[in-house]
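Some notes on the structure that comes next.
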Amino acid sequence: MMLIVAGTFTLQSPGERDRFLEATSELTRGSAAEAACVRYTFSADPLNENVVNLFEIWESENSLQAHFEEDHYRAFSKNVMPTFKVEKQTKIYYVDEVREVGDWR
């Protein structure tokens with residue numbers, strides 16, 4: 001079953017968003033290169049200058065668990081996250097069916 005991980009990183013210090021996005025570049029490249037990663041994106045929220053959005057799609061729960069063991073994920077968690085005051089809110093959504101938007105009827 002596919003998974004979507006979606007969430008926000010709210011930076012507590014104004015003006016830190018660009019630095020945070022730059023700091024995610026190695027994690028993003030490494031994660032996107034994982035075989036079971038369909039999508040891995042950090043993006044600036046267009047409505048709040050202190051928020052970064054996260055959107056991931058994984059082929060399975062096992063692939064997401066394996067991601068947490070990757071060097072790029074561990075390095076980001078250990079070396080990058082502690083350098084920012086950030087409130088992280090993420091959720092996992094389990095996907096049992098995927099259709100084009102126009103096909104929902």
Item checked: Inter-site label distance for Val38 and Ala75 at 7 Å from Cα along Cβ, in nm -> 2.8 nm
Next item on the list: Starting with the fewest neighbours, write out Met81, Met1 ranked by other beta-carbon atoms found within 10 Å of each beta-carbon.
Entry: Met1, Met81
Next item on the list: For Val86, list long-range residues whose amide hydrogen, built 1.01 Å from N in the peptide plane, is under 5 Å from its own amide hydrogen.
Entry: Gln12
Next item on the list: Any chance you could run the full-extension gain for Lys85 through Asp45? It's 0.36 nm times the residue separation minus the Cα-Cα distance, nm to one decimal.
Entry: 12.7 nm
Checklist line | Point-charge dipole on Cβ atoms (K/R +1, D/E -1) for the chain, about Cα centre, debye to 20 | finding: 300 debye
Margin query: Quick check on the chain: helices-only [θ] at 222 nm, where DSSP H runs of length 4 and up contribute -39,500 (n - 2.57) each and the sum goes over total residues. Nearest 500, please.
Written below: -6500 deg cm²/dmol
Note to self: List the aspartates and glutamates whose Cα sits under 12 Å from the Cα of Lys91, skipping any in the same chain fewer than 8 residues away.
What the structure shows: Glu56
Notebook entry, point to check: Expressed in whole Å with the largest first, what are the equivalent ellipsoid semi-axes of the chain derived from the C-alpha gyration tensor as the square root of 5 times each eigenvalue?
Noted result: 25, 18, 11
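Readers should treat all values here as calculations from the given coordinates under stated rules, not as data from a laboratory. These numbers come from a predicted model, not from an experiment. With ideal geometry, Cβ positions are generated from the backbone for all residues, glycine too; neighbour counts draw on all protein chains shown.
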